[in-house]
Amino acid sequence: MKIQVLSHNCTGPNPHCKREARDGRRIHMIARLDSGSLVMPSYHYATEEEGREALTRAYETAPTITTDAELYAAREQGIPHKLPASWIDPSMRR
C-alpha cells in the first residue's frame, strides 16, 4: 500500500470536500493498493499523521467485500472496506 496526499488544503469543489473542510479536515489522502481498492468513510483528515494512521489501520483490519450484502452493510455502517480488483459496483452492472 502506498499512501498519497492529494491536497494539504482541500476545499472542494466536491460537496464532501467542502463539508470536510468546514469541519477542519482539509488534508485529502488516499491509499493506493497493488490490486483492488480501500474504501474509507472519509478521505479527509485534520493532520497528515491522523490520515496515515487511519489508512494504515484500515488496510490492516478492513474486511474484503465478496457479496453485495456485505457491501451494502459496510456502506450503511460507514466502515472501511476493501474491494477486489474484479469488483463491479452493483449500480454499474448491466
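The values are calculated or read from the model by the stated rules, or taken from the named source; none is laboratory data. Computed from a predicted model, the values in this text were never measured in an experiment. Positions of Cβ are generated from backbone atoms using ideal geometry, with glycine treated the same way; all protein chains shown enter the neighbour counts. Surface areas here come from the heavy atoms of the whole protein model, side chains and all, with no ligands, DNA or RNA. Shrake-Rupley method; radii C 1.70, N 1.55, O 1.52, S 1.80 Å.
With respect to the numbered conditions (1) over 13 Å from the mean Cα position of the chain (by Cα); (2) among the hydrophobic types (A, V, I, L, M, F, W, C); (3) farther than 20 Å from Ser91 by Cβ, which one is the sole condition not fulfilled by Ile30?
Every listed condition holds for Ile30 apart from (1).
Among the residues of region 1-23, which ones are outside any helix (DSSP H, G or I) and among the basic types (Lys, Arg)?
Matches in region 1-23: Lys2 only.
Taking the condition of being polar (S, T, N, Q), over 21 Å from Ser86 (Cα atoms) and open to solvent by 40 Å² or more (accessible area, probe 1.4 Å), how many residues in region 17-71 meet it?
Going through region 17-71 one residue at a time, the tally reaches 2.
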